[in-house]
Amino acid sequence: MFRAVIEGTGSCLPEYKLTNDKLEKLVETSDEWITSRTGIGCRRIAGPGEGTSKLSAEAARRAMDMAGVAAEDISMIIVGTITSEMTMPSCACMVQKEIGAVNAYAFDISAACSGFIYGLELADKMIKAEPEKKILVIGAENLSARVNWRDRNTCVLFGDGAGAAVIGADESGRGLLASKLFSDGRLGDLLYMDSAPSMNPYINMDPAEAGDFDPARLGCPLDDEGSYIKMAGREVFKNAVLAMENSVDQVLDEAGVSGRDIDWIIPHQANIRILHNLGERLGVPQEKIFINIHKYGNTSAATVPIAFDEANRGGLLKSGDLILTCAFGGGFTWGAEIIRW
Ligand SMILES: CC(C)(COP(=O)(O)OP(=O)(O)OC[C@H]1O[C@@H](n2cnc3c(N)ncnc32)[C@H](O)[C@@H]1OP(=O)(O)O)[C@@H](O)C(=O)NCCC(=O)NCCS
């Protein structure tokens, strides 16, 4: 049986580092509060030339380089994002143009933080039907444009970035072994964002004009009525823990493996406490959970592919390793997947 296998990974992060220390000057918070509650120490903020599509395209180029796949050989581009620069064309079409993937068809998935794992399952279905295809699955966000920089409940959590994977077919037992995806629209009110363009205005500025990051220039609202991320944090936390645990149990069952067989957990990076809970429950030691939330915060759909790329380039993933990935996000959307590397 053919399975989707990751042949190359890439990621691209904006240059600007917004540390907790800098955030202390913007809202009433502290490095101690943010670090102890979330594990986040820094996040990247998109600057000139670092829009969602540009970061995606660079991540895609790096993944294609690693896979040894040319842009003309890509037949499908899927971008998981809730912060495309424009509603139309999609971020995926912008990426197609940027990298010259002239033979691909391209579209976005709006599944919030689960966008990349949703994309992976779609790619797997496509690969089973047409194993000769090469598919780009990308997760990318410009959440700095959609954060209310006066709301300390949310602005400390999110960041910008992109990650990509080139997907091909494998018949040797490697690849996506099992996937369990879910959503529940009834819980949408707990984490949402009204529609509006997701273009951080810095993206179109000259570097000289842009200067240092200043949230006031992002059109920060004077009240809470802007089209910004709204979140009932505690409720989201409880639901995230339960949903992730449930989907992980189901995907382990489907793959016929147990938590102790897992070599790496490469999870969505929303909160370090959620990840430690998950590891403890599965009996997976903390050093086997790949964590980079301290560097980038929650980049929604981008966290999983960025984490895959860093683990891969860091030489942590060995051929044959059993990897569990899982995500949870607004919608709600969530799920878990098992990959034989
Ligand atoms: C947001 C989150 C970190 C808050 O942690 P928490 O332990 O639940 O904190 P609480 O909601 O109990 O808030 C505790 C207090 O800290 C305050 N607080 C909130 N943000 C703060 C900040 N950045 N700095 C300092 N204090 C803050 C709150 O106002 C509250 O004060 P109060 O008790 O006087 O009302 C946590 O709920 C979380 O991670 N939720 C999931 C978020 C998430 O992952 N969303 C994306 C899903 S993909």
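Being part of a helix (DSSP H, G or I), within 12 Å of the ligand (Cβ to nearest atom) and among the hydrophobic types (A, V, I, L, M, F, W, C) is a condition met by no residue of the stretch 118-141. Considering only residues of the stretch 268-323 that are open to solvent by less than 20 Å² (accessible area, probe 1.4 Å), within 11 Å of the ligand (Cβ to nearest atom) and farther than 18 Å from ILE45 by Cα, which is nearest to the chain's Cα centre (by Cα)? Checked the stretch 268-323; the qualifying residue nearest to the chain's Cα centre (by Cα) is HIS268. Restricting the first member to the stretch 77-97 and to residues that are among the hydroxyl-bearing types (Ser, Thr, Tyr), and the second to residues that are assigned to a strand (DSSP E or B) and surrounded by fewer than 24 Cβ atoms within 10 Å (Cβ to Cβ), the beta-carbon pairs closer than 6 Å and six or more apart or on different chains are SER90/PHE107. Within the stretch 28-60, the set of residues being within 16 Å of the ligand (Cβ to nearest atom) and charged (D, E, K, R) comprises GLU28, ASP31, GLU32, ARG37, ARG43.
The criterion of at least 2 residues that are among the polar types (S, T, N, Q) is met by the following strands (runs of 3 or more DSSP E) wholly inside the stretch 1-47: 3-12. Among the candidates ILE45, ILE74, the residue that is farther than 27 Å from TRP341 by Cα and in contact (Cβ under 8 Å) with a residue 60 or more places away in the chain is uniquely ILE45.
Before we move on, is ASP261 open to solvent by 30 Å² or more (accessible area, probe 1.4 Å), touching a residue at least 24 places away in the same chain (Cβ under 8 Å) and over 25 Å from TRP33 (Cβ atoms)? Yes; evaluated as a whole, the condition is true for this residue. Flag not set for LEU187, criterion: over 20 Å from the mean Cα position of the chain (by Cα), part of a strand (DSSP E or B) and aliphatic (A, V, I, L, M). Selection of the stretch 110-140 for residues being within 13 Å of the chain's Cα centre (by Cα) and surrounded by fewer than 24 Cβ atoms within 10 Å (Cβ to Cβ) yields only SER110. Taking the stretch 148-169 as the range and being open to solvent by 60 Å² or more (accessible area, probe 1.4 Å) and of a type outside the set (S, T, N, Q) as the test, the residues that pass are ARG150, ARG152. From the list ALA145, ALA106, the lone residue that is part of a strand (DSSP E or B) and buried (at least 20 other Cβ atoms within 10 Å of the Cβ) is ALA106. Contact map, the stretch 310-334: residues that are hydroxyl-bearing (Ser, Thr, Tyr) paired with residues that are part of a strand (DSSP E or B), Cβ distance under 6 Å, separation 6+ or inter-chain. Pairs shown: THR325/GLU337; THR333/SER183. Taken as a whole, the stretch 170-182 holds at least one residue that is within 16 Å of the ligand (Cβ to nearest atom), over 30 Å from GLU50 (Cα atoms) and crowded, with 19+ Cβ neighbours inside 10 Å. Criterion first (of a type in the set (Val, Ile, Thr), near the ligand (Cβ under 10 Å from one of its atoms) and either within 23 Å of the chain's Cα centre (by Cα) or open to solvent by less than 50 Å² (accessible area, probe 1.4 Å) (or both)) does ILE229 satisfy it? For ILE229, the condition - of a type in the set (Val, Ile, Thr), near the ligand (Cβ under 10 Å from one of its atoms) and either within 23 Å of the chain's Cα centre (by Cα) or open to solvent by less than 50 Å² (accessible area, probe 1.4 Å) (or both) - is met.
The values are calculated or read from the model by the stated rules, or taken from the named source; none is laboratory data. Everything numeric in this text was worked out from a predicted model, so none of it was measured. All Cβ positions, glycine included, derive from the backbone under ideal geometry; neighbour counts span all protein chains shown. Areas reflect the complete protein model, heavy atoms only, side chains present, ligands, DNA and RNA absent. Shrake-Rupley method; radii C 1.70, N 1.55, O 1.52, S 1.80 Å.
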